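Working notes, structure below.
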Amino acid sequence: MNAIDVPAARERIRKCVHCGFCTATCPTYVVTGDELDSPRGRIWLMKDMLANPDQPPSPRAVHHIDRCLSCLSCTTTCPSGVDYMHLVDAARAHIAATHRRPWPDRLLRALLPRLLTSRALFRLALRLGRLARPFAACLPARLQAMLAQVPAVVPAPGLAERRQAVAVAQPASVPQRRVILHLGCVQPVLRPAIDDAALRLLARHGVAVAITRQSACCGALDHHLGHEAAARAHAAANIAAWETEADAEAIIITASGCGTVIKDYPALFGDDPAMAARARAVAAKAVDISEYLARLPPLPSVRRPGTPLAWHSACSLQHGQQVKTTPQALLAAAGFAVRLPAEAHLCCGSAGSYAILQPEMSATLKARKQAALAGALAGTGATLVASSNIGCIGHLASDQLHIVHMVELLDWASGGPAPPGISLPDC
Ligand code: SF4
Ligand code: SF4
């Protein structure tokens, strides 16, 4: 098995005691009831791979591992501490290296990361997608799933992205602290308002923000497709860029999907001690923006709306980073009446490129999550949902639910503008 550290994988698998607790919280098992769509079943398939490490995986193993969302709900549940994340990462890398997929699948998996990780190409693709939308019904399911992600309006570059293009840093007037803000690739194109709100919020806290010119995609898209060399290249570029801002006390991440991968950068360089040490230094500074804001004294709220909202906890935040209550506490402290949906632990089906590669399963989980969020808001007349991950925000938005990033609401509550497309009481 050329892409897997076999002894390490065997050791991880050995920790599984087959208790099956994880099956109840695995979204794909909850939907299909098929043991091979559960973490325990997938671990069994991976064990089978280890038995023949020089052979390509069976089509059955590829099918069920492809259906895994990497949501890591199983990791939260597992009483034995099975490191499922690194197991499935290695399995995906092995599949990518040894399994020959049908050519349309290969083409899509090669194109997706290139398209999504270049802001210029992604903007162009969104504009073309707007033109193609009227013909969506005639297209294959995967292309329909791609078009479903295209927003009604493609926003112009926001302040944060424009600042990255022209200057490294814009210190606040009397900065007490200094941080790096990671912009990433998809979020600045789809919803630049998020990082702009983060900039305003941090400035109000007296934090100087550096946005490094050379940093871009965190590598998550390639990593979850098993493209390890490309993921490492993205990680190495970010590490080099962030090392130029050595006095920054934190690397702030506003997309929790990116945060999970950045905090795990050292694992990408397991066979390169020098790079692993640099990755550890970066990972030690990486924080979700909610974690960083919680370290600061609260801002005076200029608005006390009491507006009800539902909190959608992205899997990457609650399972990947084990940040479970901090964002809700910040929103509540800012005056929002925070409600939690049923099945809050289950994935919404977004999961990076999963919504495009597995459109049926993704649509089933999306409908289930939208119903749970609407249920949490039942009787309030409210339609507002807060989250922390751009993938979930775009995926779950509908005419009935308005999804925004939590920093957009914290910015508004402390004096910023209302999030685009959202009407909030100006009191
Ligand atoms: S909960 Fe953990 S130990 Fe139990 S079956 Fe799942 S992975 Fe194995
Ligand atoms: S990562 Fe999520 S989808 Fe994959 S096995 Fe674990 S719980 Fe199931």
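Descriptive notes on the structure:
- Two-decimal log10 I(q)/I(0) for the chain, as the Debye equation yields it once each C-alpha is a single scatterer, q = 0.08 Å⁻¹: -0.43
- Whichever lysines have a C-alpha closer than 28 Å to that of LYS366, once near sequence neighbours (fewer than 8 apart) are set aside: LYS263, LYS324
- Each part gets one Cα centre, and for region 93-148 versus region 209-256 those centres are 23 Å apart.
- Rounded to the nearest 20 debye, the dipole size of region 159-294 about its Cα centre is 440 debye, using +1 on the Cβ of Lys and Arg and -1 on the Cβ of Asp and Glu.
- Using the Cβ-Cβ distance between VAL302 and ALA344 with R0 = 25 Å, the FRET efficiency computed as 1/(1 + (r/R0)^6) comes to roughly 0.25.
- Take region 159-294 with all the other protein chains still there, run a 1.4 Å probe, and you get 35 Å² of accessible area per residue.
- Projected label distance in nm at ARG106 and ALA8, using a 7 Å step from Cα toward the beta-carbon: 2.8
- Set of lysines near LYS47 by C-alpha distance (under 19 Å), chain-local residues within fewer than 8 positions excluded: LYS15
- Within the accessible area of the chain (1.4 Å probe), percent carbon and sulfur: 59
- In the chain, a dipole from Cβ-located charges (positive for Lys and Arg, negative for Asp and Glu) runs towards its positive end, and of GLY349, ALA136, THR23 it is ALA136 whose Cα lies farthest in that direction.
- Placed amide H near ARG178: partners under 5 Å, 5+ positions off or other chain: ALA208, GLU249
- Each residue of region 81-96 is assigned a 3J(HN,Hα), and the resulting list reads x, 5, 7, 5, 4, 6, 5, 6, 4, 5, 5, 5, 5, 5, 4, 4 Hz, derived from the Karplus form 6.51 cos²θ - 1.76 cosθ + 1.60 (θ = phi - 60°), x at Gly and Pro.
- Amide hydrogen neighbours beyond the local backbone of HIS402, cut-off 5 Å, H modeled: LEU384, VAL385
- A simple rule links phi to the HN-Hα coupling: the Karplus curve 6.51 cos²θ - 1.76 cosθ + 1.60 with θ = phi - 60°, which for region 143-155 gives 5, 4, 5, 5, 5, 5, 8, 6, x, 4, 10, 8, x Hz, with x for Gly and Pro.
- Positive minus negative residues near HIS345 (Lys, Arg vs Asp, Glu; Cβ under 15 Å): +2
- Region 362-373 - phi-based ³J(HN,Hα) in whole Hz, Karplus 6.51/-1.76/1.60, Gly and Pro as x: 4, 5, 5, 5, 4, 4, 5, 5, 4, 5, 5, 5
- Residue-span extension gain [ALA132 to ASP34] - 0.36 nm each, minus C-alpha spacing: 31.6 nm
- Under 5 Å from the amide H of ALA314 lie the amide H atoms of SER388, each residue being 5 or more positions distant or on a separate chain, with H modelled from the backbone and absent for Pro and chain starts.
- Separation of alpha-carbon centers, region 20-46 and region 346-365, rounded to whole Å: 16
- Beta bridges assigned by DSSP with both partners in the chain are antiparallel in approximately 10 percent of cases.
The values are calculated or read from the model by the stated rules, or taken from the named source; none is laboratory data. Since we're looking at a predicted model, the values are computed, not measured. All Cβ positions, even for glycine, are placed from backbone atoms using ideal geometry, and neighbour counts span all protein chains on display. For accessibility, only protein heavy atoms count, side chains too; no ligands or nucleic acids. Shrake-Rupley method; radii C 1.70, N 1.55, O 1.52, S 1.80 Å.
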